[in-house]
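Report on the following structure.
The values are calculated or read from the model by the stated rules, or taken from the named source; none is laboratory data. Everything numeric here is computed off the predicted structure, so don't read it as measured data. Neighbour counts are summed over all protein chains in view; Cβ atoms, including those assigned to glycine, are modelled from backbone coordinates with ideal geometry. Only protein heavy atoms, including side chains, enter the accessible area calculation; ligands, DNA and RNA are left aside. Shrake-Rupley method; radii C 1.70, N 1.55, O 1.52, S 1.80 Å.
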Amino acid sequence: MENEFLGNKIFEVYSQTVSASCPSNIALIKYWGKYADQIPANPSISYTLNNCKTNTSIEFLAGEKFSVRTLLAGNEEPKFAEKIEKYFRNIEKYLPWILKGKYIIKTENTFPHSSGIASSASGFGAIAKCLMELDGYFSGKLADEIIIKKASFLARLGSGSACRSLYNGLVVWGKTAEVENSSDLFAVPYPDKEIHSAFKNFNDWVLLIHEGEKSVSSTVGHGLMKTNPYAERRFQEAHENFKILKEILRTGDLKNFIKLVEHEALTLHAMMMMSDPAFILMKSGTLEVINKIWEFRNTTGLPLFFTLDAGANVHLLFPGDKSEDKIKEFIIKELLQHTQNNGVVKDVMRF
Ligand code: DP6
């Protein structure tokens, strides 16, 4: 299967500058745990965000000794350059021209750094798109559909969740019986005709509860699943949740959508608490916000709910419908006070 992504013959390499933009995504069924070569331990599904993006340009200087320079919002980032250098060496089989020159990579995010919005997802998504454009010049252009599929495949090798950012809307990564053509090697869009209109217009407001460095990197977090005694049950549950979610998405069952999405977020955090060493990724503000959301939902019946990534910040999810004004008012009045600096990133998922 991986053979379909092997590189074509190189025609010629020459200096070239390309650029691309790629959004981040937020998972509903979480990817947490992986095997060698970035194979996920369970299938995941995410919404691609509309506004939080990484914009990247790559200047390729053909014929120079292979090296990578990276500038993040204009600042030299040697650590990131090292990571990209390693990544490029790793994907040479799929892009045989990749080590034949020097790179200057300029990248900037439209959202704040350390906001808990996955910049590795949008970052590797944007790099993979740039690489496929260069590949078109040096090895011949492929059909558009194959370009995105290979970009998703390459993005996965940079950061697992990045492969889902190559498509809009709801996107699946990881083999599941519930989604035709799903794969562990790349992401596929969730079939549009199987999504009820209730799920095609959502808000994601990210409350910045804690803006510092994450206490555990996702690489370390995934690794901890190897010795977690509950891991196998968790992987199995992710498969079961896909089956449940499929029915929810078809019927527009918002109540059970909320239940499943919050359960997934809490399971991710529970897994970290049960790891050895253990990690508690929530801060007190995270808990206060969750309790207030539950109370608000109980008293008003309005569909405000949350998801979490591997950190303390809270993604507030709510439909873009007649209930949204009341929900926004509540967030500003009651939840914003739990952030560090009134920090909130407002995005939408509309498709
Ligand atoms: C909690 O994709 O950042 O956001 O493959 O090691 O780069 P690597 O991990 P990464 O993990 C993301 C985990 C998550 C859940 C998700 O996005 O599915």
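Some notes on this structure:
- A cut-off under 14 angstrom between Cβ atoms defines the neighbours of Thr307, and their net charge, with Lys, Arg +1 and Asp, Glu -1, is -3.
- Cα centroid separation, region 7-22 to region 35-99: 14 Å.
- Accessible surface of the chain [probe 1.4 Å, protein heavy atoms]: carbon and sulfur percent: 51 percent
- Charge tally around Lys129: other residues with Cβ under 11 Å, Lys/Arg +1 each, Asp/Glu -1 each, net -1.
- Of Lys106/Lys328; Lys149/Lys200; Lys34/Lys346; Lys83/Lys214; Lys255/Lys328; Lys30/Lys53, those spanning more than 28 Å from alpha-carbon to alpha-carbon: Lys106/Lys328; Lys34/Lys346
- Proximal charge balance of Phe318 [Cβ under 11 Å; K/R count +1, D/E count -1]: -1
- Tensor-based shape of region 106-247 (alpha-carbon gyration tensor, a/c under 1.5 rounded, otherwise prolate or oblate): rounded
- Reachable aspartates and glutamates, given that their alpha-carbon falls under 16 Å from the alpha-carbon of Lys65 and they are not under 8 places away in the same chain: Glu82, Glu85, Glu92
- Remark on Ser182: its backbone amide H falls under 5 Å from those of Thr176, a criterion applied only to residues 5 or more positions apart or on other chains, H modelled at 1.01 Å from N.
- Subtracting the Cα-Cα distance of Asn256 and Asp144 from 0.36 nm times their residue separation leaves 36.7 nm of extension gain.
- Dividing the helix sum by the residues of the chain, where each DSSP H run of 4 or more adds -39500 (n - 2.57), gives a mean residue ellipticity at 222 nm of -11500 deg cm²/dmol.
- 1.4 Å probe accessible area per residue over region 198-350, in Å²: 48 Å²
- Residues in region 81-94 carry Karplus couplings, in order, of 4, 4, 5, 5, 4, 5, 4, 4, 4, 5, 10, 4, 4, 8 Hz; the curve used is 6.51 cos²θ - 1.76 cosθ + 1.60 with θ = phi - 60°, and Gly or Pro positions show x.
- Glu247-Glu108 FRET efficiency (beta carbon distance; Förster radius 41 Å; 0.05 resolution): 0.50
- The label point for Asp276 and the one for Glu59, both projected 7 Å from the Cα toward the Cβ, are 5.2 nm apart.
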